[in-house]
Amino acid sequence: MIKVHELSNGLRVVMEAIPFVRSVSFGVWVRNGSRNETPENNGISHFIEHMLFKGTEKRTAMDIADVMDAVGGQLNAFTSKEYTCYFTRTLDTHFDVALDVLSDMFFNSKFDQGEVDKERGVILEEISMYEDTPEDLAVDLLQWKTFPGNPLGMSILGTAESIGSFTSEGFRDFMKARYSPKNVVIAIAGNIDEAEVLEKVTAAFGSYSGAPDIFEEKDAIYVPGFSMREKDIEQVHLCMGFPGIKSGVDESYALAAVNTILGGGMSSRLFQTIREKHGLVYSVYSYNANYWDTGIFLVYAALNPDNVYEVLNLISQEVRGMITNKITNEQLSKAKEQLKSNFLLSLENAASRMNSIGRTLLMLNKTITPDELVEKIDAIDLDSYVAICDRIFRMEQMSLSLVGKKVEGLKEDSLKSAVS
């Protein structure tokens, strides 16, 4: 059973006891990501995530690693567009160690300027590595164009210019503003005594205080966009986008079924048509990225530069076919079973459960049990399927990005004619 507690400072704790495992996954979730930044400080959230591993008042970076290695534990973090998560995974007998290390990092990181300068180089290399990953670059370029003037379109990593401006003092000021208790959720899943764990978490985080959130999250409005980036690589990486839907609404389950049928696996229409029937790509798939206020539905393909127009035409035919080529109840039932299997199998370990309960409470202010999830999927019918297809797949709303060799010689009008 999932249990939620709110401490006196507004911080929320969500726990799920899983008595048949021997591990505990523990995460500190902060509602802060790249969409809470400006062009001037773009990348600061991700940089702060790195810096929390670089030493505290009582532990060096090496000490932090040694303490966790000594108990065979895992310690990591990630930053997204809307949140940052710091997490551990340990045996149930070592939860106290995980709590001590992670709370020490969270409250007592030094932000030594020398370490800041060293880590700046690491992140600049990460940006360079990202630039050399054309699949990710194509998606980033598309979001930059489709959410113009909104931080949602900015890179999580930041830019070389913004990264070069950060200081230890700037990190402390940003954390004071964004890392307030009401912006934080503690999530714990595994073999735990809930009362005992809550007492320990309260002791570590109960006196935590912070300024009210001074940043307003600006609603993001999707605008069709077109972008190209020349890269001296063998393939063209293509990303087609459509306006999606926000997190937490019932329509998201119908859209998940649509995604499964269009490009969610080897039996999907995109894979079977473009790869299996025509042999024009190695990789082609679709997915839905959703945020608290909006979303974007994406189709990705990697292909030979000579096949750009043909692949675009085939993708557009399959996208249109989601409206004109109606599915049967049997096909929808198959997609729903795939969804249930994917969701439920992903929740069969403590780390996945911690991620699920932490993220949903932080972003949706609620938790969703596996049974509730199954009910939502079972409720998808042909009417809801057709309605979401009609809403999403309008070619006048299409966006497009291409990364690869000779793409700058392609004309926007001719590319659009390939999908018309």
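Please go through (1) over 22 Å from residue 294 (Cβ atoms); (2) part of a helix (DSSP H, G or I) for residue 111 and return the number of the only condition it doesn't satisfy.
Going through (1) over 22 Å from residue 294 (Cβ atoms); (2) part of a helix (DSSP H, G or I) one by one, residue 111 breaks only (2).
Among the candidates 93, 56, 88, single out the residue that is open to solvent by 10 Å² or more (accessible area, probe 1.4 Å) and of a type in the set (Ser, Thr, Tyr). Walk me through it before giving the result.
Values: 56 fails: open to solvent by 10 Å² or more (accessible area, probe 1.4 Å); 88 fails: open to solvent by 10 Å² or more (accessible area, probe 1.4 Å).
Only one candidate passes the filter, namely 93.
Okay, residues lined up against (1) aromatic (Phe, Trp, Tyr); (2) open to solvent by 50 Å² or more (accessible area, probe 1.4 Å); (3) closer than 28 Å to residue 60 by Cβ; (4) under 18 Å from the mean Cα position of the chain (by Cα):
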site: 138; (1), (2), (3), (4): no, no, no, yes
site: 148; (1), (2), (3), (4): no, yes, no, no
site: 159; (1), (2), (3), (4): no, yes, no, no
site: 198; (1), (2), (3), (4): no, no, no, no
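Considering only segment 325-339, I want to know if a residue exists there that is closer than 30 Å to residue 76 by Cβ and out of contact with any strand residue (DSSP E or B) (no Cβ under 8 Å at 6 or more places or on another chain).
Looking only at segment 325-339, we keep the residues that are closer than 30 Å to residue 76 by Cβ, and these are 338-339.
So of that shortlist, the ones also out of contact with any strand residue (DSSP E or B) (no Cβ under 8 Å at 6 or more places or on another chain) come out as 338-339.
Looking for residues that are closer than 30 Å to residue 76 by Cβ and out of contact with any strand residue (DSSP E or B) (no Cβ under 8 Å at 6 or more places or on another chain), one finds at least one in segment 325-339, hence yes.
Of everything in segment 280-327, what is farther than 19 Å from residue 265 by Cα, open to solvent by 10 Å² or more (accessible area, probe 1.4 Å) and among the β-branched types (Val, Ile, Thr)? Give them in sequence order.
Matches in segment 280-327: 294, 323, 324.
Just one of the numbered conditions (1) under 12 Å from residue 26 (Cβ atoms); (2) assigned to a helix (DSSP H, G or I); (3) out of contact with any helix residue (DSSP H, G or I) (no Cβ under 7 Å at 6 or more places or on another chain); (4) open to solvent by 40 Å² or more (accessible area, probe 1.4 Å) is not true of residue 76; which one?
So residue 76 meets the others, but not (2).
Would you be able to say whether some residue in segment 381-392 is of a type outside the set (S, T, N, Q), assigned to a helix (DSSP H, G or I) and touching a strand residue (DSSP E or B) at 6+ places or on another chain (Cβ under 7 Å)? Full working, then the answer.
Here is the first cut: in segment 381-392, the ones of a type outside the set (S, T, N, Q) are 381-383, 385-392.
The next check asks that each one be assigned to a helix (DSSP H, G or I); those that pass are 382-383, 385-392.
From what is left, the residues that are touching a strand residue (DSSP E or B) at 6+ places or on another chain (Cβ under 7 Å) are 392.
The answer is yes, given that some residue of segment 381-392 is of a type outside the set (S, T, N, Q), assigned to a helix (DSSP H, G or I) and touching a strand residue (DSSP E or B) at 6+ places or on another chain (Cβ under 7 Å).
Check 82, 16 and return the single one that is among the acidic types (Asp, Glu), crowded, with 17+ Cβ neighbours inside 10 Å and within 20 Å of residue 202 (Cβ to Cβ). Walk me through how you get there before you give the answer.
Working: 82 fails: within 20 Å of residue 202 (Cβ to Cβ).
Criteria check complete, one pass: 16.
Does segment 251-258 include one or more residues that are in contact with a Cys (Cβ under 8 Å, 6 or more places away or on another chain) and not small (Gly, Ala, Ser)? Show your work before the answer.
Filtering segment 251-258 down to residues in contact with a Cys (Cβ under 8 Å, 6 or more places away or on another chain) leaves 258.
The next check asks that each one be not small (Gly, Ala, Ser); those that pass are 258.
Within segment 251-258, one or more residues are in contact with a Cys (Cβ under 8 Å, 6 or more places away or on another chain) and not small (Gly, Ala, Ser).
Give the residues of segment 19-50 that are over 17 Å from residue 200 (Cβ atoms), surrounded by 20 or more Cβ atoms within 10 Å (Cβ to Cβ) and of a type in the set (A, V, I, L, M), sorted by residue number.
Of everything in segment 19-50, those that are over 17 Å from residue 200 (Cβ atoms), surrounded by 20 or more Cβ atoms within 10 Å (Cβ to Cβ) and of a type in the set (A, V, I, L, M) turn out to be 30, 44, 48.
Let's see how each residue does on (1) in contact with a Lys or Arg (Cβ under 6 Å, 6 or more places away or on another chain); (2) closer than 24 Å to residue 84 by Cβ; (3) among the acidic types (Asp, Glu):
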position: 182; (1), (2), (3): no, yes, no
position: 189; (1), (2), (3): yes, yes, no
position: 210; (1), (2), (3): no, yes, no
position: 231; (1), (2), (3): no, no, no
position: 236; (1), (2), (3): no, no, no
position: 247; (1), (2), (3): no, yes, no
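For residues that are out of contact with any strand residue (DSSP E or B) (no Cβ under 7 Å at 6 or more places or on another chain), in a loop (DSSP other than H, G, I, E, B) and aliphatic (A, V, I, L, M), tally how many sit in segment 122-156.
Result for segment 122-156: 1.
Got a number for residues in segment 244-277 being over 30 Å from residue 369 (Cβ atoms) and touching a strand residue (DSSP E or B) at 6+ places or on another chain (Cβ under 8 Å)?
Going through segment 244-277 one residue at a time, the tally reaches 4.
The values are calculated or read from the model by the stated rules, or taken from the named source; none is laboratory data. Every value quoted in this text rests on a predicted model; they were computed, and no experiment measured them. Because the Cβ atoms are built from the backbone with ideal geometry, glycine has one as well, and the counts that use them run over all protein chains shown. Calculation scope for accessible area: heavy atoms of the full protein, side chains included, ligands and nucleic acids excluded. Shrake-Rupley method; radii C 1.70, N 1.55, O 1.52, S 1.80 Å.
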